[in-house]
Structures are given as C-alpha cells and as structure tokens.
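The values are calculated or read from the model by the stated rules, or taken from the named source; none is laboratory data. Since the structure is predicted, the reported quantities are computational estimates derived from the model, not experimental observations. Backbone-built Cβ (ideal geometry, glycine too); neighbour counts: all protein chains shown.
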Amino acid sequence: MTKTYYLLLLLLLTLNGIFAQDYEFGKISEEELALKNHKLDSSAVASVLYEKQNSTIEYKDGLGFVLVTYIQKRVKIFDEKGFGYGVAKVYLYTGGTDEENLSSLRGYTYNLEDGKIKESKLSRDAIFKNDESRYWKSQTFTFPDIKEGSIIEYKYTITSPYVSNIQTVNIQKEVPVDFIEATYEFPEYYYFKPVVKGYLDIGLKTSSGSESVNYMNKQRSGGTSAYDQVRTSYQSGKIDYLVNISSISLTDIPSMKDEPFVNNIDNYRASLDYELSYIKYPNSSIESYSTTWEDVTKKIYEDPDFGTELKKTGYFEDEIDQLINQTSNVKDKMALVFEFVKNKMSWNGVYGYTCNDGVRNAYKDNTGNVAEINLMFTAMLQYSGIEAYPVLVSTRSNGIPLFPTREGFNYVITAAVVGEDVILLDATSKYSKPNLLPTRALNWNGRLIKKGGESLKVDLAPHTISNEMVFMNVELNDDGSVKGKVRGQYLDYNAYNYRVKNDQKSKDDLIKSIEDRYLGVEIDEYEVKNQYDVNKPLIEQYSFYKENAYDQIADKIYVSPLFFFTQLENPFKLEKREFPIDFSYPHKEKYAINIAIPEGYKVESLPESTKLVLPDGIGSFSYMAGTSTGNLQLSVELEISSAIVPSLYYDSIKQYFSKIIEKESEKVVLSQS
C-alpha cells in the first residue's frame, strides 16, 4: 500500500514537472533555445511553443463595456526557411470616430551565444503602421537578430469599443503548436455563440463567475430662485452580474500544411470564433445582433460607397450610346459594353466591394478598384436596358465566411440576366469572358443584390468543361534522342490561365518556361496564336529535341509513348483527407501522339488499352494504343467533370491518379524485324 502511494506521488510530481513549464513572459530556458528540431515534426521550420489569448468584456468608467484582448506568443525558429515567423502583424478595426487601440507591446528575440542567453529588444523603429482599408489598420513588428535557433516572444493588449469583434483563435497552423490556451469572459448581458471550424476536438469548457460594477451618480437640486442655492449630492451603488466563461487548452497540435487542390487551407484549419447573438441589459428589451445574409447585403447596399455609387450616371452615356446603337440583340449589347469596360479600365489591384475614389473619378482616370470597375459596368448594363445586378463575392484568398458579416465579402462582380440565363462577368480582367470569371473569384457562392438590398445566392463554380488538346508527332533517332513537333489547343480556363500566367512575356521567356517544366527538352520554332483574343482557342506550337529519350537494349527499343507528358507523381499523398478536393473548374486533357516506327523495327508489345471511371460520373481516364501504316498511335484522355469533389471520394481520386501514373509509365517495346 505504502509502495503504491509513493509510486502515485512520484507520478504526480513527474506530471507536474512536465506541465509546469514556465510560460511567464520573458522566462526563456536554455533547453528551449538549444532545440535543433521539433520533437514531433523534424521537418518543421518553426513551431509555436506557447500562445495565449484572453478576451474579456470589462466595464470602464466613462466608456462603458469594452472588449479587452491580451495576446502572448512564443515562437521557436529552427531553419532559415522559418525566418518569416520573425515578423508579426496585428489588424485593428476602425469605424469612424471609434477605433481599436493596441497598447503594452513588448517583444524580444532570444539567442543562445557561448552558453548564455542573449536577448534583443523589439525597438520602436521596427514597428510599422499602415492603413489597410477604410475599416482596418495594421501594425507590423519586425524582430531583430533572427537566426536559426532563435526564439521570439511578444505580448500586447487590444482595447476595442466594438465588443462583438472577438479575435479568432487559429488553433492549427502551418507549423506545430506545443501549447495554446484561450479564455473568454463575457457578462451575462452579452450572449455569444461559439463558432468552431476544422476537424480537431478542441475540448471547449464552460463555467461561470461573478463581477460587479461600482458607480456614482451626481445629482443637482435647488437653484429655483435667487435665494435657493444649488446643491450637489452624490449617490453610489454597485451592480453585481454573472460572467460566462469559456476556455480551451490544447497541446501538441500537428501542423496542417497546404495540400494540392485546396482553394484555401485556412478554411479547414481548426479555429475558434465567437458571434454576438444579442445584448440584454437589465430592465431593457433584447437587442439582436444575429444577422442573416439578407441583413448584411441590405446594409452593404445602403452604404454610400456601394448603393449610391451604383446609381450614379451622367458620366458614361455618350460612349455607351454609340455602342448599343449598333445592335438590338441583348447579348451583343452586353458583349460590347463588357469589352468597352475591359479595354478602357485598368484594375489597380485593390479588392473590396466599396469604392475608394468613386466611379466617376475612376472612369475619368481609366483606373479603379474592383468595386469602381464592376459597379460602373453594372450601371452601364442597366442603362443599356439589360437586367443587371452586383454580386458580392469572397475571393479564394479571403476564405469561406462561417457566418454572415460584412467582412465575409471582399469582392464584387456583375450578373446579367438574359432570358432564362444568369451570366456572371468581371470586367477587372481583360482575359475574362461571360461566365468565365478570374479564378480568384471562384469560391463557392456569391450574393446577388437587387434594388433595396434583397439578395439571392449565386453558384460561382464553373460547370463547362475546359478542354486541352495536345497533338504530337515524334521521330526516334538512332542515338536514343527524339525530335518532333507539338501543337496544343487550350479552351476556356485552360486558355485563361495561360494568358494570365504568360501576359506580356517575351518569346524567350515562354520557351524557357517549357524547358524548365520538361527538363532536358530543347524547344525551337515556338509560336502562339490568339494569345490576346479571348474569343478564340489559344494555340501553342513548337518543335522539340530530347536526348536519352528511350532505352535501347540489344535489338530492342523501350519507349514511354507519352515522353515528357508522362505524369510521374501522384499529387494526393495523405492517407486520409477530410476537406474537399478543389480542381477550380471541370477540365479535360486529350493527347494524340503519333510515333514513327524506325525502319527495320516492328512493334513487339503495346500497353493494354484501359478505361477508368470514377464513381458518380466525377471523372474518367482512357488509354488506347495501336499501330497504323508504320506509325505507333496513342490516344489518352483524362477528365474531371466536377469543379469541387467531396472528401468522401478521396480514396477513389487517389487510386485513380495512382492507376494513371502506373499506366502512363508502361513502355512500348519495338524489336528488329
């Protein structure tokens, strides 16, 4: 019994030692600095040793209830690739007369030099302030003396008059997290709803406590006549209220790195947010803050920099009249106005659904942000007698909003209704077409706003298959090299991506990009057609030469008939994937390859023809090889017919690509006749 007791006591003391690691600010240990790699992920370039967030709604004299958020963070840098973690950025909301305030900022870099801890303080000169937009400012901290092995640590407090602006706790990051904790304390008058994202069990705990507010009222009496002296009295009191407390505490959180075919990995990383549902003060009615997308879009429509700008006219009519008088066909009118705006206006790269300088100034200067260009375009279509509406969008980089907020959108496009068709357009890109939006805008759903703010959900995902067709003629040389010609034809998004990626590139740069993609291939006679004509297929053609392109053993030739177009690596490597596979758009690749059989040789064996079909028609693959009059002919088709594939099909998709790689690696065998 006594032995068991002492064993339990020893175990408890050991566990206390493990969990009693000192996270007090500034208490950095030599052991932490001496770490060479992460205990659970040796490939990690950095790790978060400790992160803490406390968000409380407190009563302050003269201000009332305010949101106070305390942040502390300690980061270990293992590799020079992790030097980016030596820069931290904080966003602060500003809403006119009131704004959030950052205070009590302290930061240090720690290094181990000659067995001693050296600390370098974050200086004021390394703090940079910036206006991000009308509603957001930022402060960026650049830490000094960053090296492999450094630890940076910082803390600060944000005081906000906007009690609903709870900072999201991003639990899962690109690097491992050793320990993260967060606490929220909200008075009973404020009801918040937790919003949990991701696939981790975060173990949210709730409890309650109590607080009180001491107040003092000043009252004046008297002064009703010249003989009645004014008297001042003070009355003090105290109000007790309950506090709802919630908290999380997690250890050893694995990193979640970006994966192929993910629109935005941040949509799936574990995080915790809070949405203000309502406020109920004593002896007062409920003030609801839970909003719907209808509420949000109505407020946006009423914003002077949105709705008012959309209604403005008197600056484009003369030019538009000249265009629309050329035809009575509605689609032709739409196309003429669309091309006019794309050619006249240059997008300045600024996102947002509200105008900065206004549509009139943008029109005069031939440049503007997203809202100025597309609200102007929408107004022009409406003037032309076409039913048109703005559509609010969250770009891929902005993520998918979890609940209705104005910040859920950061972009606006145009919808034209022609007959039964709703046609989506974006005039910020000169390479876009009707129903072919820039890929940045392909992010699930948008909200079409009608007059007055009524809105409808709009599917942004493309449904037309974008084709790519490659024709290749190949000759085998006696020395193991090959030469030939390639002609590629690209349509829709395949053409769009080429045009955007290669905009204004020289011929030499275009050749280099192909040679970099297909190592060992020499390109000549390069030509591209219709690069700037979006209404025609883009055609790319060139001749090529490659050494050591096939194997010759004794009297036999072994050749991979797809040559440098062979897919060598499966992009899907995870054993399990819980988030959707986002291909951006449906696409189809077709290869038609003709190989001249060298004189004196015949086909001994060909890869067997194959057809693969994915479940529920989401994709297919076919491979057919044959011969015809001295030529080896190969036809390969790969199709993915859905832009977004649910994660339940992940195993099928992974196996599908594995079988494609296996098939494409098979060789044709030629023997001397």
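With Glu666, Glu639 as the choices, which residue is closer than 18 Å to Gly617 by Cβ and either in contact with a His (Cβ under 8 Å, 6 or more places away or on another chain) or part of a loop (DSSP other than H, G, I, E, B) (or both)? The match here is Glu639. When the stretch 446-480 is limited to residues that are polar (S, T, N, Q) and touching a strand residue (DSSP E or B) at 6+ places or on another chain (Cβ under 6 Å), the one that is surrounded by the most Cβ atoms within 10 Å (Cβ to Cβ) turns out to be Ser455. In the stretch 314-339, the residues that are acidic (Asp, Glu) form Cβ pairs under 8 Å with partners that are part of a loop (DSSP other than H, G, I, E, B), at six or more places apart or across chains, as follows: Asp332/Gln326.
Do we have any residue at all in the stretch 483-506 that's crowded, with 17+ Cβ neighbours inside 10 Å and within 30 Å of Asp555 (Cα to Cα)? Checked the stretch 483-506: at least one residue is crowded, with 17+ Cβ neighbours inside 10 Å and within 30 Å of Asp555 (Cα to Cα).
Suppose the filter is more than 30 Å from Asn548 (Cβ to Cβ), not assigned by TED's automatic domain parsing to the domain that holds Ile640 and not aromatic (Phe, Trp, Tyr); does Leu437 pass it? Against the criterion (more than 30 Å from Asn548 (Cβ to Cβ), not assigned by TED's automatic domain parsing to the domain that holds Ile640 and not aromatic (Phe, Trp, Tyr)), Leu437 qualifies. One residue is enough: does the stretch 496-504 have a residue meeting the conditions within 30 Å of Pro598 (Cβ to Cβ), assigned by TED's automatic domain parsing to the domain that holds Glu569 and either out of contact with any helix residue (DSSP H, G or I) (no Cβ under 9 Å at 6 or more places or on another chain) or among the aromatic types (Phe, Trp, Tyr) (or both)? No, the stretch 496-504 has no match at all. Determine if the stretch 480-493 includes at least one residue that is assigned to a helix (DSSP H, G or I), within 24 Å of Lys430 (Cα to Cα) and out of contact with any Cys (no Cβ under 9 Å at 6 or more places or on another chain). Looking for residues that are assigned to a helix (DSSP H, G or I), within 24 Å of Lys430 (Cα to Cα) and out of contact with any Cys (no Cβ under 9 Å at 6 or more places or on another chain), one finds at least one in the stretch 480-493, hence yes. Counting only residues that are touching a Lys or Arg at 6+ places or on another chain (Cβ under 7 Å), of a type in the set (S, T, N, Q) and in a loop (DSSP other than H, G, I, E, B), how many does the stretch 414-465 have? Qualifying residue count for the region: 1.
Of the residues making up the stretch 165-180, those that are of a type outside the set (A, V, I, L, M) and part of a loop (DSSP other than H, G, I, E, B) are Asn165, Gln167, Thr168, Gln172, Lys173, Glu174, Pro176.
Restricting attention to the stretch 404-433 and to residues that are more than 18 Å from Met376 (Cβ to Cβ) and among the basic types (Lys, Arg), the residue that is modelled with the highest pLDDT turns out to be Lys433. Scanning the stretch 34-52 for residues that are without any contact (Cβ under 8 Å) to a residue 40 or more places away in the chain and over 33 Å from the mean Cα position of the chain (by Cα) turns up nothing. Within the stretch 573-625, the set of residues being exposed (fewer than 14 other Cβ atoms within 10 Å of the Cβ), not in a strand (DSSP E or B) and not small (Gly, Ala, Ser) comprises Lys573, Leu574, Glu575, Lys576, Glu578, Glu599, Glu608, Pro615, Asp616. Filtered by the rule that a residue be under 18 Å from Leu336 (Cα atoms), in a strand (DSSP E or B) and in contact (Cβ under 8 Å) with a residue 40 or more places away in the chain, the stretch 349-394 gives a lone residue, Tyr389. Can you spot a residue in the stretch 148-164 that is outside any strand (DSSP E or B), among the basic types (Lys, Arg) and either under 28 Å from the mean Cα position of the chain (by Cα) or outside the structural domain of Asn267 (by TED's automatic domain parsing) (or both)? No, there is no match, as no residue in the stretch 148-164 is outside any strand (DSSP E or B), among the basic types (Lys, Arg) and either under 28 Å from the mean Cα position of the chain (by Cα) or outside the structural domain of Asn267 (by TED's automatic domain parsing) (or both). Applying the condition of being under 23 Å from the mean Cα position of the chain (by Cα) and modelled with pLDDT of 95 or more to the stretch 434-445 and asking which residue is surrounded by the fewest Cβ atoms within 10 Å (Cβ to Cβ) yields Asn435. Only a single item in (1) crowded, with 18+ Cβ neighbours inside 10 Å; (2) under 24 Å from Asp321 (Cβ atoms); (3) free of Cβ contacts under 8 Å to residues at least 60 places away in the same chain; (4) not β-branched (Val, Ile, Thr) is not met by Leu424, and it is number (2).
When you check Glu259 against the structure, is it within 30 Å of Leu448 (Cβ to Cβ), among the acidic types (Asp, Glu) and not in a strand (DSSP E or B), yes or no? Considered against the rule, which asks whether it is within 30 Å of Leu448 (Cβ to Cβ), among the acidic types (Asp, Glu) and not in a strand (DSSP E or B), Glu259 comes out as no.
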